[in-house]
Amino acid sequence: MPAMKKFASVEAYLAEVPPKDRAVLEKIRSTVRSLVPDAEEKISYGIPAFVWHGNLIYYGAMKNHLSLFPGSKAVIKQFAAELKPFDATSTGTIRFTADKPLPITLIKKIVRARMAENRARASKRWPATAPSGTAGTGR
């Protein structure tokens, strides 16, 4: 991956990723889309991101690994036992490889936990418009 190259879209980003890594990132993307079909996709901090009532999750290909960024230390802590086989840091980064990808079931759990966090945060900010399901992309 070219360092800090500016990408116009998630598709443009993924097109630059080697095929083996791209296949894993596409699985992450389709998994998140299946759980949150109305989440907005964008490039943020140079990598793909999903936004649903705030930043939901980031993912990307680095030089020597793939990463999932839940953006929540609490979620990393919540799934610490399941993340043990992977390089999960206390700063909120989960590192893995195409040869040893994150299980889809774990990705789903992480995304659902992030949705719950965003839902709770939105209900505190905007009680009348807090998300109840997957509708809406936030403010």
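The values are calculated or read from the model by the stated rules, or taken from the named source; none is laboratory data. Predicted model, so just to flag it, every value in this text is computed and none were measured. Counting neighbours? That spans all protein chains shown, and the Cβs are built from the backbone with ideal geometry, glycine included.
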Margin query: Suppose the filter is modelled with pLDDT of 95 or more and either out of contact with any Phe, Trp or Tyr (no Cβ under 9 Å at 6 or more places or on another chain) or basic (K, R) (or both); does P48 pass it?
Written below: no
Checklist line | Those residues of segment 25-43 which are surrounded by 12 or more Cβ atoms within 10 Å (Cβ to Cβ) and hydroxyl-bearing (S, T, Y), in sequence order | finding: T31
Notebook entry, point to check: Could you say whether any residue in segment 95-109 is under 11 Å from the mean Cα position of the chain (by Cα), surrounded by fewer than 17 Cβ atoms within 10 Å (Cβ to Cβ) and among the charged types (D, E, K, R)?
Noted result: yes
Check: Considering segment 111-126 alone, what residues qualify as being among the polar types (S, T, N, Q) and either at pLDDT below 90 or more than 14 Å from the chain's Cα centre (by Cα) (or both)?
Finding: S123
Note to self: With the requirement that a residue be under 20 Å from F50 (Cα atoms) and not in a helix (DSSP H, G or I), what does segment 89-109 give you?
What the structure shows: T91, G92, T93, I94, R95, F96, P101, L102, P103
Next item on the list: Could you check K6 against (1) assigned to a helix (DSSP H, G or I); (2) over 19 Å from R112 (Cβ atoms) and say which number it fails?
Entry: (1)
Notebook entry, point to check: If only one of L25, L83, L56 is touching a residue at least 60 places away in the same chain (Cβ under 8 Å) and hydrophobic (A, V, I, L, M, F, W, C), which one is it?
Noted result: L56
Next item on the list: Kindly indicate whether any position in segment 40-50 is over 19 Å from L25 (Cα atoms) and of a type outside the set (V, I, T).
Entry: no
Checklist line | When residues of segment 63-78 are limited to those that are among the hydrophobic types (A, V, I, L, M, F, W, C) and modelled with pLDDT under 95, the one farthest from A15 (Cα to Cα) | finding: A74
